[in-house]
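**Q** Sharing a structure here in structure tokens format.
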Amino acid sequence: MDLIGIIKENWRAGVEVLVLWILIYQTYRVFRATRGARILVGLTVVIILMTLASQVLDLKVIEWIIKSAAAVLAFALLIIFQPELRNGLARLGSTNLFSFSTSQQKIFLDALTEAVMKLSKKRFGALFAIERGIELSEYERTGVVIDSALSVELVATVFHPKTALHDGGMILKKERIASAACIFPVSQKQLSDRSLGLRHRAGFGITEETDAVAVIVSEETGAISIVVEEKIYRNLSEDEFREKLEEIFLIHGEVHKEMAAEELDGENRRSNSGDRDQISD
């Protein structure tokens, strides 16, 4: 049989292998370096060893236990990995995007850059969470509502070490300050750099639970970091900080907006063709 005939006969198997490989790899990316990863590895090793032992030594009781415990084990894994699963589903179901225009975004990012640079020079520790698709209302309620336009002076006042609001994080919603002194979840992952403190762990934590972008200013060194999608960019200069923000919110944001606009336009065309009596807003 020639090569083309083999491909035609077995292409479905190749697709299945590719899909399974992608699923396994993506699962590994989500769960690696988490507390649940150790449990998963331990359970996998135990199950493999017990299965091999039952097959090689013909241990009927162990084989029956493994088959009977399969459903219970699957349910247990759902409980163990509940935070990771919730985070993944939240990201998948997120459809809201920044609603303000590119010019407003640019003004907002310029003001944020100026404020962060001032905090860095004064060695004022700070933590920001910039809302994107997933709402941060749950964390806003843990702090003090401000609902004010972003300004350098206000940010510097909030994070001054002698003010009542300097502890906790500041939530930026669109181009405004929503709340300050907010409590963010602290990441329980094993970070590669053990010198990272609670602010950085809280920055990781908010990006694990939502799709927000975290900005951290170190109180000890004044170093500036950005955490996005659970990845950290450290020791950023002013130009690097500004470029990274523009990459996240302007370049990537425009791509998402165009995709959303195309989907909305397609839905409108389908709706209009299905009901000619409807009047568009």
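The values are calculated or read from the model by the stated rules, or taken from the named source; none is laboratory data. Keep in mind that this is a model prediction, so the values were computed, not measured. FYI the Cβ positions are ideal-geometry reconstructions off the backbone, even for glycines, and counts take in every protein chain you see.
**Q** Taking into account only those residues within region 117-129 that are part of a helix (DSSP H, G or I) and in contact with a strand residue (DSSP E or B) (Cβ under 7 Å, 6 or more places away or on another chain), which is surrounded by the most Cβ atoms within 10 Å (Cβ to Cβ)?
**A** Ranking the qualifying residues of region 117-129, first place goes to 119.
**Q** Cβ-Cβ distance below 6 Å, separation of 6 or more or different chains: which pairs start in region 138-153 with a residue that is in contact (Cβ under 8 Å) with a residue 40 or more places away in the chain and end on one that is among the hydroxyl-bearing types (Ser, Thr, Tyr) and crowded, with 16+ Cβ neighbours inside 10 Å?
**A** 140/179; 143/179
**Q** Has region 130-138 got any residue that is within 21 Å of residue 235 (Cβ to Cβ) and in contact with a helix residue (DSSP H, G or I) (Cβ under 9 Å, 6 or more places away or on another chain)?
**A** Yes, some residue in region 130-138 is within 21 Å of residue 235 (Cβ to Cβ) and in contact with a helix residue (DSSP H, G or I) (Cβ under 9 Å, 6 or more places away or on another chain).
**Q** In the set 177, 248, 232, which member is closer than 22 Å to residue 122 by Cβ and out of contact with any Pro (no Cβ under 8 Å at 6 or more places or on another chain)?
**A** Only one candidate passes the filter, namely 177.
**Q** Give me the pairs: first residue in region 181-197 and in the same structural domain as residue 154 (by TED's automatic domain parsing) and surrounded by 12 or more Cβ atoms within 10 Å (Cβ to Cβ), second residue modelled with pLDDT under 80 and not in a loop (DSSP other than H, G, I, E, B), beta-carbon distance under 8 Å, and six or more apart or on different chains, which are they?
**A** From region 181-197, the pairs are 188/35; 189/35.
**Q** So, in region 224-253, how many residues would count as being touching a residue at least 60 places away in the same chain (Cβ under 8 Å) and loosely packed, with under 14 Cβ neighbours inside 10 Å? First the steps, then the outcome.
**A** To start, the set of residues in region 224-253 that are touching a residue at least 60 places away in the same chain (Cβ under 8 Å) comprises 224, 238, 241-242, 245-246, 249-250, 253.
Pick out the ones that are also loosely packed, with under 14 Cβ neighbours inside 10 Å and you get 238.
The qualifying residues number 1.
**Q** When residue 114 is evaluated against the numbered criteria (1) buried (at least 19 other Cβ atoms within 10 Å of the Cβ); (2) part of a helix (DSSP H, G or I), which criterion, by number, is the only one it fails?
**A** Condition not satisfied by residue 114: (1).
**Q** Which fully enclosed helices (runs of 4 or more DSSP H) of region 1-72 have 2 or more residues being at pLDDT below 75 and of a type in the set (A, V, I, L, M)? Let's see the steps before the verdict.
**A** Values: elements: 3-31, 35-56, 60-68.
Ranges flagged: 3-31, 35-56.
**Q** Report yes if residue 164 is assigned by TED's automatic domain parsing to the domain that holds residue 229, of a type in the set (Gly, Ala, Ser), out of contact with any Phe, Trp or Tyr (no Cβ under 6 Å at 6 or more places or on another chain) and surrounded by 15 or more Cβ atoms within 10 Å (Cβ to Cβ), otherwise no.
**A** Taking the combined requirement at face value, the residue does not satisfy it.
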